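Chemist: Structure in structure tokens, see below.
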Amino acid sequence: MKKLALFMVCLFLGLMVLNGTSFQGKKIYKTKKVNPHSPVIDGKIDDPAWQGVSWSGDFIQRRPYEGKVPSQKTQFKILYDDQNLYIALRAHDNHPAKIIRRLARRDTLDGDWMEVNIDSYNDNRTAFSFAVNVAGVKRDRMITNDGGNVDESWDPIWKVKTRIDDQGWIAEMRIPFDQLRFSGETKQMWGLQMTRYLFRMEEESTWQFIPKNAPGWVHLFGELHGLQNIRSKRILELLPYTVGMAERFSAEEGNPFSTGSLNDMKLGLDGKIGLTRDLTLDFTVNPDFGQVEADPSEVNLTTYETFFEEKRPFFIEGRDILNYRIMTGDGSFAYDNLFYSRRIGSSPHYYPETQDGEFVDVPDKTSIIGAFKITGKTKNGLSIGILDSVTSKESAEFGGLGEHFTETVEPLTNYFVLRLQQDYRGGDTNLGGIITATHRDINDPQLNFLHRGAYTGGLDLTHAWKDKTYKIFARLVVSHVYGDREAILNTQESPLRYFQRPDATHVDVDPERTSLTGHGGTVYFGKSGNGSLRFSAGVTWRSPELELNDLGYLRQADVIMQWVWANYRILKPTWIFRDISFNANQWRGWDFSGENIFDGGNIGIYGQFKNYWSLSVGTSRQDESLSSTALRGGPSLLYPGGWGSWLGIYSDNRKDLCFRAGGYMFWGDTGSRRYKNYWTGLTFRPNSAITVSVTPSYSLNENLLQYVSTVELGSENRYIFATINQKTLALTFRLNFSITPDLSIQFYAQPYISVGGYSQFKQIANPRATQFEDRYQLIDQDQIGYDAVDNIYHFDDDLDGSIDYSIENPDFKFLEFRFNLVLRWEYRPGSTVYLVWSQGRTDCTEDATFNIGPGMRDLFTVEPHNVFLVKFTYRFNF
């Protein structure tokens, strides 16, 4: 691994001298004000108003043949009046019958399409994107960080009509100025970019040529001149909603909370207010997200919390400005963030115990009373993001023993986020910061394990030079949590840090502490574009005391990681490839005592062939790693390294029938572990309105050292492990039926089966032994007895006939089936009706037999929990 690290450093330093790509000068389009009548948006572009401005064109290919003349000609015109911007796009086509017209839900472009990008801030970093395909399906996006971040949840109100004729196809747009953000200057100059995608040839061309390896996107746009004396009226939108819900499930005898049915109705309000020309307030009162798709099923046998993507519309829109990832890129460290919106409205933290014959009803989610956010960017380049939300106090209801009472399971909580970022030097330098705060109103002793308050803060600096080719990035974060001694003790002993580890020399547990303060950050230098080579090298760290999980996400504390990454791209068609990319990574980690805890690296290749098929292949090496979490608070355990490899094959996705297949495999050294995951996928489009996809996957996990339990024997802890053989089968099915661009039906279903069988029980003997076999001691079968009635293993170490300790049978069979059927109708701009049917089936037993046929039958014999929902919204625009 040291040789690999040396090679990566040499590659990082030696390839810095590669030449970049030259850019063309900026194009200019001059618009005019409509006089006297504005055009009617009907897709014909035959109104007299369009005669007042000239066509612009001369698009240039961006892919596959960068810099060459496109296969088909594209032109556009732009007009404006006091309220709107009007854009006419003409996509010429010598073969109109070959134009691909496909219906889909909003923000899902398929077939031929055209796009308008407008940098109305003229800050060279932010753009508003309006795209449409031949079928009239809209896709609108907010682009920030010079193209580095794309927010597809942004849904402005605008109008577009499309039409196919004997010359090709037309898109005619009307974009209200109040959907954009711009300065109050009399004369405006905006950034402008037009893009056309010719589906049958997978050809992308742009008005302003920007190379694929350019270091950015927005700052290279052309320019829109001629806008004068335009004003954006203040936005005031109210979106009240009503929801009717009915739940049907299996009744449980004697349980007063499980009667088999539940009916409910909710009222709520969403709104948007333009505070200034630059800042917008979004708010929600008593929100409902019943139409949101369920999270995927999983069985997590690690100590690490699973990261789930945000799907709730209020928290998705504009989230980029509030995003504060500690580290860029991918991998497990890249999830760490000071703001993880899934914390707001999550499941209650406390689950009360019950007595025999007693029943309890615990809310699935914490109710959000209300939330607001203020987002925007001033003409001076200051980006502002503020979010505040209040979640209600939640209680569990008890019944079944002749009495009824409640117990608090979640306190009233306030969440706050403030994010600021200032641009300098035309966006080449950015200085920013963030503050988050969580306050809990804890008045019940059973909740004293929670932090009463949690604060995080961060400072970040990005500095780029040589036309944004090279970059230095620094991001520093701090955290401070406080609460009762129980809460801070719980934090010290949590799986993120395990201060109680007997071999940890740099941390210890202090049961008297009532607060904890930590820090973390990332610093790196890299080359991001302007040439075939990209690279970065840096370091990221999380101190042992860092705690983000009240409002953020932190996977692991007490770690320092160094990395080098290099990527070489050939973006022009070469040999059998349309484009090809080579990646190499090296990383090394330590804890805060300076002890090396992991090393690794990988190399990979991704390429698209000239027949439009694609291939991804790579291999990785992981050296021995020292895990501070394997023994759940015990001493660190030395895990063997191993080799991994992956392969993915993807067919031509332009076809009505396309497939993908691949897998990942890992082989642990000395036979310590074997992991295999195979997946495939099939997508079928029987016509222009329907898309069906099926994605099955199968994984096999064989691990000689899987944690089972920690047993206290006097003053000694015994760590029981076993060999696990886990098999998981999952299938994701999706059907999208777009009747019109505004009326669609979506169906999502996922059956999931995971079976784990444990054998060869072991106890850890010497967790840091040089030889893997010396780290554990097999427990002889004569020392183990199984009680089939109570499903418990009994252990008799000295074979004297007495039970020294017992553990529950860890075998499992987890079955889950989830589906969502959603009809969505936007019956007028911004106003929507949802009809939703959701079903869930969940069961878990100790049967470790894996059999696909009986497993599926077992899954569908589980009693379902059905939810039927009708949601009606109406947009008032004042």
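The values are calculated or read from the model by the stated rules, or taken from the named source; none is laboratory data. Since the structure is predicted, the reported quantities are computational estimates derived from the model, not experimental observations. As a convention, Cβ positions derive from the backbone with ideal geometry for all residues, glycine included, and neighbour counts pool all protein chains shown. Protein only, heavy atoms only, side chains kept; ligands, DNA and RNA dropped before computing areas. Shrake-Rupley method; radii C 1.70, N 1.55, O 1.52, S 1.80 Å.
Chemist: Residues of the stretch 641-676 with the amide nitrogen closer than 16 Å to a label point 7 Å from the Cα of T695, along Cα-to-Cβ, please.
Modeler: Answer for the stretch 641-676: 647-651, 653, 658-664.
Chemist: Can you pull the three principal axis extents for the Cα set of the chain, in Å, largest first?
Modeler: 100, 69, 54
Chemist: Show which aspartates and glutamates lie in cross-link reach of K610 when reach means a straight Cα distance below 20 angstrom and same-chain residues fewer than eight apart are skipped.
Modeler: The reachable aspartates and glutamates, counting only those whose Cα sits under 20 Å from K610, are E66, D112, E202, E203, E204, D579, D652, D656.
Chemist: Between N677 and L269, with labels modelled 7 Å along Cα→Cβ, what's the label distance in nm to one decimal, could you check?
Modeler: Roughly 4.6 nm, to one decimal.
Chemist: If you place +1 on the Cβ of every Lys and Arg and -1 on the Cβ of every Asp and Glu, how big does the dipole about the Cα centre of the stretch 546-657 come out, in debye to the nearest 20?
Modeler: 760 debye
Chemist: With θ set to phi - 60° and the Karplus curve 6.51 cos²θ - 1.76 cosθ + 1.60, what are the ³J(HN,Hα) couplings of the stretch 506-517 in order, to the nearest whole Hz, using x for Gly and Pro?
Modeler: Each residue's phi maps through the Karplus curve to give 9, 9, 8, 8, 10, x, 8, 5, 10, 7, 8, 10 Hz.
Chemist: Right, next: Note down the relative contact order for the chain as a percent, whole number, built from C-alpha pairs under 8 angstrom at least six residues apart.
Modeler: In percent, rounded to a whole number, it is 9.
Chemist: Using only the Cα atoms of the stretch 232-302, build the gyration tensor, take square roots of its eigenvalues as a ≥ b ≥ c, and label the shape rounded, prolate or oblate: rounded if a/c is under 1.5, else prolate if a/b is larger than b/c, else oblate.
Modeler: oblate
Chemist: Moving on to the next point. Relative to the Cα centre, what is the charge dipole magnitude of the stretch 419-534, using +1 at the beta carbon of each Lys and Arg, -1 at the beta carbon of each Asp and Glu, and rounding to the nearest 20 debye?
Modeler: Value, rounded to 20: 780 debye.
Chemist: Shifting gears a bit: Using 0.36 nm per residue of separation minus the Cα-Cα distance, give me the extension gain between S715 and I576 in nm, one decimal.
Modeler: 43.4 nm
Chemist: Here's a follow-up. What FRET efficiency would be calculated for the residue pair F308, E493, taking the C-beta separation as r and a Förster radius of 30 Å, to the nearest 0.05?
Modeler: 0.75
Chemist: Please work out the Cα convex hull volume for the stretch 285-343 and give it in Å³ per residue.
Modeler: 125 Å³
Chemist: What does the extension gain come out to for H92 and E403, with contour length at 0.36 nm per residue minus their alpha carbon separation? Before the final figure, lay out each step's value.
Modeler: Values: separation 311, 0.36 × 311 = 111.96 nm, distance 7.61 nm.
Going from the current span to full extension adds 104.3 nm.
Chemist: Now for a separate question. Quantify, in whole percent, the carbon and sulfur part of the accessible surface of the stretch 520-657 (1.4 Å probe; protein heavy atoms only).
Modeler: Summing carbon and sulfur atoms, their accessible area is 60 percent of the total for the stretch 520-657.
Chemist: Using the Karplus curve 6.51 cos²θ - 1.76 cosθ + 1.60 with θ = phi - 60°, what ³J(HN,Hα) values do you get for each residue of the stretch 593-609, in whole Hz, with x for Gly and Pro?
Modeler: 8, x, 7, 5, 10, 6, 9, x, x, 7, 9, x, 9, 10, x, 10, 7
Chemist: While we're here: Between T242 and N414, what FRET efficiency comes out of the Förster formula 1/(1 + (r/R0)^6) with R0 = 22 Å and r the beta carbon distance, rounded to 0.05?
Modeler: With R0 = 22 Å, the Cβ-Cβ based efficiency is 0.20.
Chemist: Let me ask something additional. Filter K212/K572; K311/K377; K44/K161; K73/K212 down to the pairs with a C-alpha to C-alpha distance above 18 Å, please.
Modeler: K311/K377; K73/K212
Chemist: Projecting each Cα onto the charge dipole of the chain (Lys/Arg +1, Asp/Glu -1 at the beta carbon, about the Cα centre), which of L180, F795, N596 comes out farthest on the positive side?
Modeler: L180
Chemist: Using a 1.4 Å probe, what is the accessible area per residue for the chain, in Å²?
Modeler: So the chain comes to 44 Å² accessible per residue, rounded to a whole number.
Chemist: Looking only at the stretch 77-119, which residues have a backbone nitrogen under 18 Å from a spot 7 Å from the Cα of L735 in the C-beta direction?
Modeler: 103-105
Chemist: Rounded, prolate or oblate: pick one for the stretch 765-818, where a ≥ b ≥ c are the square roots of the eigenvalues of its C-alpha gyration tensor, a/c under 1.5 means rounded, and failing that, prolate if a/b is larger than b/c, else oblate.
Modeler: Here the stretch 765-818 falls in the oblate category.
Chemist: At what distance in nm do the modelled label points of D669 and D652 sit from each other, each positioned 7 Å from its Cα along Cα→Cβ?
Modeler: 4.7 nm
Chemist: Quote the charge dipole size of the chain about the Cα centre in Debye, to the nearest 20; the model charges only the Cβ of Lys and Arg (+1) and of Asp and Glu (-1).
Modeler: It works out to roughly 6480 debye.
Chemist: Taking 0.36 nm per residue of sequence separation and subtracting the Cα-Cα distance, how much length would be gained by fully extending the chain between S806 and L821, in nm to one decimal?
Modeler: My answer for the length gained is 0.8 nm.
Chemist: Determine the shape class of the stretch 242-369: with a ≥ b ≥ c the square roots of the Cα gyration tensor eigenvalues, call it rounded for a/c under 1.5, and otherwise prolate if a/b is greater than b/c, oblate otherwise.
Modeler: Because a/c hits 1.5 or more and a/b fails to exceed b/c, the stretch 242-369 counts as oblate.
Chemist: Please give the direction-averaged projected area of the C-alpha convex hull for the stretch 61-157, in square nanometres with one decimal. Kindly include the intermediate steps, with their values, before the conclusion.
Modeler: On the way: hull surface 30.9 nm².
The number I arrive at for the stretch 61-157 is 7.7 nm².
Chemist: Have a look at L551, L533, L571 and report the one farthest towards the positive end of the charge dipole of the stretch 514-571, computed about the Cα centre with Cβ charges (Lys/Arg +1, Asp/Glu -1).
Modeler: Farthest along the dipole direction, towards plus: L571.
Chemist: A follow-up question, please. Through the Karplus equation 6.51 cos²θ - 1.76 cosθ + 1.60, θ set to phi - 60°, convert the phi angles of the stretch 95-108 into ³J(HN,Hα) values in whole Hz; use x for Gly and Pro.
Modeler: Taking θ as phi minus 60°, the curve returns 9, x, 5, 8, 5, 8, 10, 10, 7, 6, 6, 3, 6, 10 Hz for the stretch 95-108.
Chemist: For a quick check of your reading of the filter: which GluC sites (Glu not before Pro) in the stretch 157-230 sit in a DSSP loop and have no more than 13 other Cβ atoms within 10 Å?
Modeler: Hits after loop and neighbour filter: E185.
Chemist: May I pose another question? If each of D780 and D510 carries a label point 7 Å out from its Cα toward its Cβ, how far apart are those two points in nm?
Modeler: Here the answer is 4.9 nm between the modelled labels.
Chemist: Right, next: Quick check: the distance between the Cα centres of the stretch 516-537 and the stretch 745-816, to the nearest angstrom?
Modeler: Result: 43 Å between the Cα centres.
Chemist: How large is the helix-only mean residue ellipticity at 222 nm for the chain, computed as the sum of -39500 (n - 2.57) over DSSP H runs with n ≥ 4, divided by its residue count, in deg cm²/dmol to the nearest 500?
Modeler: Details: 4 runs with 33 residues, N = 878.
Estimated from H runs of four or more residues: -1000 deg cm²/dmol.
Chemist: Please name which of A104, L192, Q167 has its Cα lying farthest along the dipole of the stretch 77-202 towards the positive end, using unit charges on Cβ (Lys, Arg +1; Asp, Glu -1) and the Cα centre as origin.
Modeler: Among A104, L192, Q167, the one farthest towards the positive end of the dipole of the stretch 77-202 is Q167.
Chemist: Now for a different question. If r is the Cβ-Cβ distance from Y874 to H463 and R0 is 60 Å, what FRET efficiency results, to the nearest 0.05?
Modeler: Once rounded, the FRET efficiency stands at 0.80.
Chemist: When we measure straight from the Cα of K379, which lysines land under 26 angstrom away, once same-chain ones fewer than 8 places off are left out?
Modeler: Cα-Cα hits under 26 Å: K26, K27, K30, K32, K33, K187, K233, K272, K466, K468, K471.
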